[in-house]
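Got a structure for you, questions after.
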Amino acid sequence: MFPGTAAPRPPARGRHWAGGQTLARPGGPPIVRLPEDEARRRFASARVARLATADEDGRPHIVPFTFAFSARAGQGGSGRGGDGESGSPDRIYSAVDAKPKSSADLRRLRNIRANPRVAVLADHYEDDWGRLWWVRADGQAAILDHPEAMAPALALLAGRYPQYRAQPPGGPVISIRVDRWTGWAARLS
């Protein structure tokens, strides 16, 4: 921390920051923690994100991926996922598609089968550092491989990416139940 500033107490495990919090930094711009609604909005606006998984021994693996986001039912993206409130949690979906892969036995799928805890990171970079932001969704992943289970996620993905309308992914689909949103921005705008 910077001299003369107090570190905010992070929320208890499983809790969320109640809203955007701005921390003053002597000699620099403020640090802005994004409220959940703003984190969801920025996340949904990203065209690509990074999926972080770990194997049974904790070895990390990260890959860029395309995704579709489904906000908690009945909340229009404004409710918290996975916090015990009524309704289904926020979900992030991605599918194994026709883009070239080094193997059909993808490490991300093996890792999720061994350890379903994942993180997804979306960010925005510009040379104007006043416009930087990132959002992370932590959650539990499952692999969907039955056509009827994959269909809603594939429809969301096709609605977001024209490439998936032209060449629908064969799957499987990764379904991530979001348990926690965190995010940072150089400024709220």
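Output ³J(HN,Hα) for the stretch 110-122: one whole-Hz value per residue in order, computed from phi by the Karplus curve 6.51 cos²θ - 1.76 cosθ + 1.60 with θ = phi - 60°, and x for Gly and Pro.
With the stated coefficients, the stretch 110-122 comes to 4, 4, 4, 4, 7, 8, x, 6, 9, 9, 10, 10, 10 Hz.
Want the number for residue 155 to residue 128: 0.36 nm per residue separation, take away the alpha-carbon distance, what's left?
Extra length from residue 155 to residue 128 when fully extended: 6.1 nm.
Net charge within 9 Å of residue 138 by Cβ-Cβ distance, Lys/Arg positive one each and Asp/Glu negative one each, not counting residue 138 itself?
Details: positive: 117, 136, 180; negative: 179.
Net local charge, residue 138 excluded: +2.
Can you give me the long-range amide H partners of residue 90? Hydrogens built in the peptide plane at 1.01 Å from N, cutoff under 5 Å, separation of 5 or more residues or another chain.
It is 72, 81, 82, 178, by chain and number.
Then there's this: At a Förster distance of 45 Å, what's the computed FRET efficiency of residue 114 paired with residue 187, Cβ-Cβ distance as r, to 0.05?
About 0.65, to the nearest 0.05.
Since every read-out is calculated from the coordinates, none of them should be taken as a lab result. The model shown is predicted, which means the values in this text are computed figures rather than measured ones. Because the Cβ atoms are built from the backbone with ideal geometry, glycine has one as well, and the counts that use them run over all protein chains shown.
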